[in-house]
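Here's the structure we're looking at; comments come further down.
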Amino acid sequence: MAMENRQDGRVEPATAPATDAEILAQLDRIRRSAEFDAPERDRKFLTYVIEETLAGRGDRIKAYSIATEVFGRDSSFDPQTDPAVRIEAGRIRRALERYYLVAGRTDPIIISIPKGAYVPTFERRLDAWLPSRRSADESVGQDPSALSSRRGTWLAAAIVCIGGGLTAGAFLLQKEDDAVIGMRPAIPRLVVMPFDDLSGTSQSAMMTRGLTDEVVGNLAKFKEITVATRDEAGASPQAGPAFALVGGIRFDGERLRLVARLVHRSDGSVVWANTYDERMEAGKAIDLQARTAAAVAGAVAQPYGAIFQASATAFKQSVPDGWQAYACTLSYYDHRGDVSAQSLATVQGCLQQATRQVPTYATAWALLSMTYIDAFQVRFDGSSSATLERATEAAVRAVDLDPQDVRALEARMLTLFFRGDVDAALAVGGRALAINPNDAELAGEYGFRLALSGQWDSGCKLLSETVARNSGPAGYFEAALSACSYFGGDYVAAERWARMADLRTHPFSRITLLATLGKLGKGAEAQEERKWIETNLPGLLEVVPQEAALRLRRPQDRQQLLDGLRKAGVPIPESEFEQARTDSSIH
């Protein structure tokens, strides 16, 4: 039997390819598991690409064939302008990753869909992902533990954080020194271990060091965590890290593979793991390092990323003393998927308390500003100017505290946008994106502001990319893609995105859906939508022109929206419609 040499000197039998029967059995195992968190359309997607591959038709698997044969789209589907297949593929990848970390951690066959393609790969599981570490201090364990569901309720953390008084017992994060706890928030600490060079050549050693440095640099852009190297952590034992990022890099000809894991530092339990495969190209080593490091940093540290999810899971049990302010910031991100008056009030109260407890916490001020923006947008307080002023004050305070905090800049961008200073808003958003292009939440909000300002192509492209790589609730940005489709004239896609988003109380999304139904000539459905709005968002239809002017910079876009609403039966005053028409012709 053929043997494979290992870097640690041992040898193992080379694995035989998985058989068709084994692959189909594994597919059935995945589909039946509750831990495979994917809707039925994605289960059909996965089944289709596997069966086509096994049938020898892998070369036929393209975005177009998936859209037409799995999703039932017609022949007009254009994968260049419609990202639906790419987005669903991203969801399947995340669902498979979670499945193999939880229910499938001992399954014999690993099924994956490489990024940038739709043809699945099949691998027989090896005993371990990485060689054992070389000292007890570096030990990280082998058994993976479950990531929390990204749609799990984090508002429990917000409620608990208001009460306070809980002990640190169950959580593993290191509390800041008592002398400075009032001025510095306790936030997760991540140590990046030097990646292992599993090939042992001079080129691989150089690439491994370079990639480690790139990852550290990208992670440091996220202000919601503290990043350290192993040496720095050792120099300050009172502030030992809660998490460690470990990895190994192997070169095989022109192929580079990075296997990375995020672990709890205390017990070595794995909370996240992923494999990154790249092809080496002459003269592009730096680009490869930057691209891979950006992907790792985003997956680990962005909102809804691995650290956030692991922290939220722990805080469901208890919030340690000193961690209430951080728990409030986590609760905000759950509110993003549930914009109700009750959830908004709870999160806002929690963040108000957090800024009183830790007045120098820039991120808490930024998220507090965003709760006021949310209240302003969804009309829970009548969209008052006083609410927008409170949002502005909190955003300015956040930026003053940390001009490099992209969450603070995001809040400032939003307040400027809704105050009508669009150019200044986009300038702030562009600066924030330049600081941290790996932050999907920021990229999505900035992309939406670009689109609403009339830069639909560039803004919607950024939105599409955001939905594809955002691991949290996607409804808000799916609703934004509905607007992209509407103002691009694709009303069928606009309705599909709106139905997928299911944002029940977001006024602009409901207005856009109603206008879409008008454009499609769906009278009965438009009438049903109008009744829903009149019941649940009373008075909204009477101020539609003002709502349109608040968000849409170009007169022709406002005219297009009002035209759809007219066709849906909304009585738009003739003066408002003519004003939009006149402004559009002038511009």
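One compactness figure for region 292-431 is 1.05, namely its Cα radius of gyration divided by 2.2 N^0.38 Å. Take the Kirkwood radius over Cα pairs of region 245-307, plug it into Stokes-Einstein at 4 °C and 1.567 mPa s, and you get 102 µm²/s for translational diffusion. Overall shape of region 33-117 was characterised from the C-alpha gyration tensor. The equivalent ellipsoid obtained from it has semi-axes of 24, 14, 11 Å, in decreasing order. Each listed q (0.11, 0.13, 0.21 Å⁻¹) maps to a log10 I(q)/I(0) for region 242-363 from the Debye sum over equal C-alpha point scatterers, namely -0.53, -0.68, -1.17. Ranked by the mean number of other Cβ atoms within 10 Å of their residues, highest first, the peptides 387-396, 284-293, 266-275 fall in the order 387-396, 266-275, 284-293. In the context of the full protein assembly, GLU525 retains an accessible surface of approximately 70 Å², using a probe radius of 1.4 Å and ignoring ligands and nucleic acids. Our Cα-only numbers for region 295-371 put the radius of gyration and Dmax at 12.4, 36 Å. Report, to one decimal in Å, the Kirkwood hydrodynamic radius for region 361-418 based on all distinct Cα pairs. Averaging 1/r across every pair of different Cα atoms and inverting gives 10.7 Å.
Among the listed pairs LYS223/LYS461; LYS44/LYS519; LYS115/LYS284, those whose Cα-Cα separation exceeds 21 Å are LYS223/LYS461; LYS44/LYS519.
Counting only Cα atoms, region 429-554 measures 46, 27, 26 Å along its principal axes, largest extent leading.
With only the Cα atoms considered, region 388-487 has a convex hull volume of 95 Å³ per residue.
The amide H of SER269, built 1.01 Å from its N in the peptide plane, has HIS264 as neighbours under 5 Å, considering only residues 5 or more places off or on other chains.
Among residues other than ARG29 whose Cβ falls under 12 Å from its Cβ, what is the net charge (Lys/Arg +1, Asp/Glu -1)?
Local charge sum for ARG29: -2.
Kirkwood analysis of the Cα pair distances in region 512-575 returns a hydrodynamic radius of 11.7 Å.
The values are calculated or read from the model by the stated rules, or taken from the named source; none is laboratory data. Bear in mind the structure is a predicted one, so any value in this text is a computation, not a measurement. Don't worry about glycine lacking a Cβ; one is built from the backbone with ideal geometry, like all the others, and counts go over all protein chains shown. With ligands, DNA and RNA removed, areas are computed over all heavy atoms of the protein, side chains included. Shrake-Rupley method; radii C 1.70, N 1.55, O 1.52, S 1.80 Å.
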